[in-house]
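Asker: Mind looking over this structure? Questions follow.
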Amino acid sequence: MVRDRALTRLALISGLGMSAALAACSSEDITNNPAPAVATATQLVADRDHHREPAPGLHRLKHLVVLYLENHSFDNLYGEFPGADGLDWAHNYTQVDLTGVPFATLPTPPGGAFPSNLPNQPFSIEQFVSISANTPDLVHRFYQEQVQIDGGKMDKFAAVSDAKGLVMGYYHTMNLPLAAEASRYTLCDHFFHAAFGGSFLNHIWFIAAQSPVFPGAPTAVVAVLDPVTGLPTVDGFVTPDGYDVNTSYSVNQPHPASVSPDRLVPNQTFATIGDRLTAAGVSWAWYSGGWNDALAGHPDSLFQFHHQPFIYFANYADGTQAKADHLRDEQEFIALAQSGGLPAVSFVKPLGEVNEHPGYTNVLSGEVHAKQLIDAIRNGPDWKNTAIIITYDENGGFWDHVAPPVVDRWGPGSRVPTLVISPFARRHYIDHHHYDTTSILALIERRWHLDPLSTRDANANDLTAAFDFGRGGRHHDRDGDDR
């Protein structure tokens, strides 16, 4: 029964008939139990695909594009994806309060769209709110997510959320524009965001694989923790030992004019992936929606200053040539994708209205924009040797049933969806390897022979399992199928 339901969903998602859906599933028997849900740091190292060994064919990848979206867990978007470790495998979903007592019904989500008697289990958001409409935002902060995960039990998401029972909501995978891409290419179903909490810290980990510091931070921004619950009684953005872990802003531009200068994060001096690429003579850029307007002093109302990680680093400080060379506007990326001439590595950060972040935008607008970016690349001259990775900075506070691996004090956090789209990507494939955000860094380092930035990316699986470079020499049409 589960297998029949999954095949039906695949046929709907991919636009295939049932016989084609069966053929597409040939590489993944959807009746098989997916990869183990929990992994330790030791297991992750053992699971690596010979990270520093030669990767035959990887040199054929000339362009890597990473599209960095916002705030959804794997189960929230891809819980219905056939063959994946999704909602059909979620057997322990009951949410409990801080004392461990199960809720009789889910705490009522805010906003008035949701009923007060939601069963204590996952539910379809689209019963109440369209995929094209905004939902309330959900808490997604450093200490809160650790309590939500609750030692791997994944049972305190509703108890530690301002959005209450909304944490258990999910979207129908078949309604996602990107689901067809996931079906056609590779979907990674054990990919975890690198660090506990929100966008700021995960963006820093995305480019540097470690946490920033704020020595001498004002006392008012330093967190104070309840020793019993582990939750902050003072929810500052700096840990008691001086690490910056929640939303905060750089001393460099752009940043909100309203922030007191003593609360601006000082320049960080440890290495980033940009530094490694530059030193090796490899071209790269960070392309951000609304960047030019923000830098000119009139940012869009939904421009997110803390989504610009390179500006927190001394090497990209105001007035540096590196800032001018490498921090660019998304419109420039679109033009290069269409005409050719993409750098070797492109990081793309959409503007807030199209980044899928709950609260100020919706899922559909972000997915449509992502499709436009994919099509700009796929219809351009660089497509034949390009890989696109689409991932999410963090789970946005949404529940996921798979406990993250235990690696270090920083994370990883919960699972997020990750797609690999390329002429070289495995087709109709679900990759069960354990990854986190630093796996993208590991892939870049392996492809361009760069040193790792920290122990995390040094030990990460590098995503090469998602590729089949033996596909070479064949032509691929613009919808991604062989011809």
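The values are calculated or read from the model by the stated rules, or taken from the named source; none is laboratory data. Treat the numbers as computed from the prediction; the structure is a model and nothing was measured. Here the Cβ is made from the backbone with ideal geometry for all residues, glycine too, and neighbour counts use every protein chain on show. Just so you know, the surface numbers come from the protein's heavy atoms only, side chains and all, with ligands and any DNA or RNA stripped out. Shrake-Rupley method; radii C 1.70, N 1.55, O 1.52, S 1.80 Å.
Asker: Where does segment 335-377 land on Rg/Rh, using Cα atoms and the Kirkwood Rh?
Answerer: 1.05
Asker: Just how large is the dipole of the chain about the Cα centre, in debye to the nearest 20, putting +1 at every Lys and Arg Cβ and -1 at every Asp and Glu Cβ?
Answerer: 860
Asker: Same structure, new question: Over the chain, with every protein chain in place, what whole percent of the accessible area is carbon and sulfur at 1.4 Å, could you tell me?
Answerer: Carbon with sulfur: 53 percent of the solvent-accessible area.
Asker: Can I ask one more? Going by average Cβ neighbours within 10 Å, how do the peptides 116-123, 267-274, 458-465 rank, with the highest at the top?
Answerer: 458-465, 267-274, 116-123
Asker: Further, regarding this structure: Subtract the Cα-Cα distance of His91 and Gln338 from 0.36 nm times their separation in residues, and report this length gain in nm to one decimal.
Answerer: 84.4 nm
Asker: Further question on the same structure: Sorted by average packing, counted as other Cβ atoms within 10 angstrom per residue and highest first, what order do 162-170, 320-328, 222-230 take?
Answerer: 162-170, 320-328, 222-230
Asker: Hey, another quick one. Å³ per residue of the Cα convex hull, for the chain?
Answerer: Cα-based convex hull of the chain, divided per residue, equals 137 Å³.
Asker: If you wrap a convex hull around the C-alpha atoms of segment 210-273 and split its volume per residue, what is the figure in Å³?
Answerer: In segment 210-273, the Cα convex hull volume per residue is 104 Å³.
Asker: Further question on the same structure: Any chance you could list P(r) for segment 260-340, counting all Cα-Cα pairs in 10 angstrom bins from zero, rounded to whole %?
Answerer: Result, from short to long distances: 16, 47, 31, 6, 0 percent.
Asker: Sticking with this structure for a sec: Over segment 126-282, what portion of Cα pair distances is larger than 24 Å, expressed as a whole percent?
Answerer: Within segment 126-282, distances greater than 24 Å cover 51 percent of Cα pairs.
Asker: Something else now. Considering segment 197-325, what Rg and Dmax in Å follow from its alpha-carbon atoms?
Answerer: 15.4, 51
Asker: Report the local net charge at Thr229: Lys and Arg +1, Asp and Glu -1, summed over other residues whose C-beta lies under 12 Å from its C-beta.
Answerer: In short, -2.
Asker: Tell me, what is the FRET efficiency for Ser124 and Asp162 to the nearest 0.05, using R0 = 22 angstrom and their Cβ-Cβ distance as r?
Answerer: It comes out at approximately 0.55.
Asker: If each of Thr233 and Asn134 carries a label point 7 Å out from its Cα toward its Cβ, how far apart are those two points in nm?
Answerer: Calculated label separation equals 3.5 nm.
Asker: Here is a further query. Using a 1.4 angstrom probe, figure out how much accessible area segment 263-324 has per residue, in square angstrom, rounded to the nearest whole.
Answerer: Accessible surface, normalised per residue, equals 39 Å².
Asker: Taking 0.36 nm per residue of sequence separation and subtracting the Cα-Cα distance, how much length would be gained by fully extending the chain between Thr99 and Lys153, in nm to one decimal?
Answerer: Gain on extension, Thr99 to Lys153, equals 18.1 nm.
Asker: Quick one: net charge around Val238, please, counting Lys, Arg +1 and Asp, Glu -1 for every other residue with C-beta under 13 Å from its C-beta.
Answerer: Charge balance near Val238 sits at -2.
Asker: Just for the chain, what percent of DSSP beta bridges are antiparallel, to the closest 5?
Answerer: 35
Asker: So between Ser116 and Ala324, what do we pick up on full extension, going 0.36 nm a residue minus the alpha carbon distance?
Answerer: 69.7 nm
Asker: How large is the convex hull of the Cα atoms of segment 400-440 per residue, expressed in Å³ as a whole number?
Answerer: 88
Asker: To continue, here is another question. Listed highest first by mean packing, meaning other Cβ atoms within 10 Å per residue, what order do 171-183, 190-202 come in?
Answerer: 190-202, 171-183
Asker: Determine the principal axes of the Cα atoms in segment 139-225, then give the extent along each, sorted from largest to smallest and rounded to whole angstroms.
Answerer: 50, 32, 22
Asker: What is the distance, in nm, between label points placed 7 Å from the Cα along the Cα-to-Cβ direction at Ala257 and at Asp408?
Answerer: 3.9
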